[in-house]
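As structure tokens, the structure follows; a few thoughts come after it.
What follows draws every value from the coordinates through simple rules; no lab data is involved. Everything numeric in this text was worked out from a predicted model, so none of it was measured. Every residue, glycine as well, gets a Cβ built from its backbone with ideal geometry; the counts of neighbours run over all protein chains shown.
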């Protein structure tokens, strides 16, 4: 199957993005100035190296008018092949794989859609794996088995009484 390339929005004539999630620079000449006078710099086109950010998404470094900016590959592909991103929308990966930036895998959606996808794909962190977790599975079981008040348990485990209530009612830590 062939690969389709389209210009990167805002970087037309400098970069292109493909429906397979690849990014390339185009061969170009740039006029510049050095201490001896005007010069023309020539850059050959090349496929850009995809870098992984701290969240596991691929990004590339694009440069224009001497200013370099990191851009998410998923955003570049979506804007080129799906059109401009609607106000407040996110770029979503239909298969849950942040590294699969093929145009057919991307769509625009809401934060709610993204959360539902993370549940469907099993990529939503639960329990101790969640970066905001203050309790362990063992402590959750202790809280549920205890007859102590919410306030007393909250003081013992270093959390807010509402956290204890949410654990007891199953709204938090429902998987335990």
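Annotations
- Residue check for residue 31: touching a helix residue (DSSP H, G or I) at 6+ places or on another chain (Cβ under 7 Å), in a strand (DSSP E or B) and free of Cβ contacts under 8 Å to residues at least 40 places away in the same chain: no
- Those residues of the range 1-12 which are surrounded by 10 or more Cβ atoms within 10 Å (Cβ to Cβ) and over 14 Å from residue 77 (Cβ atoms), in sequence order: 10, 12
- Entirely in the range 34-105, the strands (runs of 3 or more DSSP E) that have 1 or more residues that are surrounded by 14 or more Cβ atoms within 10 Å (Cβ to Cβ): 58-64, 67-72, 90-93
- Candidates 116, 139, filtered to the one that is under 18 Å from the mean Cα position of the chain (by Cα), under 23 Å from residue 170 (Cα atoms), free of Cβ contacts under 8 Å to residues at least 40 places away in the same chain and surrounded by 13 or more Cβ atoms within 10 Å (Cβ to Cβ): 116
- Filter pass, residue 20 being in contact (Cβ under 8 Å) with a residue 24 or more places away in the chain, out of contact with any strand residue (DSSP E or B) (no Cβ under 9 Å at 6 or more places or on another chain) and surrounded by 11 or more Cβ atoms within 10 Å (Cβ to Cβ): yes
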